[in-house]
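Let me begin by presenting the structure, written as structure tokens, before commenting on it.
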């Protein structure tokens, strides 16, 4: 008799859990990005199975050239461990902001990022990277206009998705959740924010960097 009572209870709990996951605005996108192995190993040929051989490791892409929605502005970056070389940026602070237009927290945070870019334009450069979304350049231009975006937006899906996966591994992030903002000081990793955070938190970190620079 107890077994029969437990079965429907289990079903109810399972349905409730799924419903909670589907209702989450800030969903896990790891499975939706093509998460291939960053260090793929070449399969061993049948005739070579008796040989002692080391696996062939393919080189990870480290250099990326990102284009904005107009394809007129380029950003060149090179990833090295927790350091990133922003080759054509001379600001001491760079923020990589990974987002998607279907993500409500991302959209809500965008105007505040624009405010930061305007307020600290002498010191920071924000790079927005669209991930896990098939959006046309024209639609991205409309998004930029509608949300008063005043910073660089990359719609290079292949590069953007690869960059976020590489940084996920380097920063030991278990689940990718949008928005994801990563702050760098003089090309070196400083801090990152998973999900939407109060813009005052980012501003506080910016001020700490600027104060330490002046001391």
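The values are calculated or read from the model by the stated rules, or taken from the named source; none is laboratory data. Every value quoted in this text rests on a predicted model; they were computed, and no experiment measured them. Neighbour counts are summed over all protein chains in view; Cβ atoms, including those assigned to glycine, are modelled from backbone coordinates with ideal geometry.
Of note:
- Test: residue in segment 106-116 that is crowded, with 18+ Cβ neighbours inside 10 Å, in contact with a strand residue (DSSP E or B) (Cβ under 8 Å, 6 or more places away or on another chain) and over 20 Å from residue 203 (Cβ atoms): no
- Being buried (at least 18 other Cβ atoms within 10 Å of the Cβ) and either under 14 Å from the mean Cα position of the chain (by Cα) or not in a loop (DSSP other than H, G, I, E, B) (or both) holds for only one residue in 94, 149, and it is 94.
- Residue 169 meets the conditions (1) in contact with a strand residue (DSSP E or B) (Cβ under 7 Å, 6 or more places away or on another chain); (2) surrounded by fewer than 16 Cβ atoms within 10 Å (Cβ to Cβ); (3) part of a helix (DSSP H, G or I) in every case but one. The failed one is (1).
- Residue check: residue 33 meets all listed conditions (1) buried (at least 16 other Cβ atoms within 10 Å of the Cβ); (2) over 15 Å from the mean Cα position of the chain (by Cα); (3) at pLDDT below 75 but one, namely (2).
- Residue that is farther than 23 Å from residue 62 by Cα, surrounded by 14 or more Cβ atoms within 10 Å (Cβ to Cβ) and touching a strand residue (DSSP E or B) at 6+ places or on another chain (Cβ under 9 Å), where the choices are 206, 199, 163: 206
Matching residues to (1) closer than 21 Å to residue 209 by Cβ; (2) assigned to a strand (DSSP E or B); (3) modelled with pLDDT under 90:
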residue: 60; (1), (2), (3): no, no, yes
residue: 72; (1), (2), (3): no, no, yes
residue: 77; (1), (2), (3): yes, yes, no
residue: 84; (1), (2), (3): yes, yes, no
residue: 90; (1), (2), (3): yes, no, no
residue: 107; (1), (2), (3): no, no, no
residue: 112; (1), (2), (3): yes, no, no
residue: 121; (1), (2), (3): yes, no, no
residue: 127; (1), (2), (3): yes, yes, no
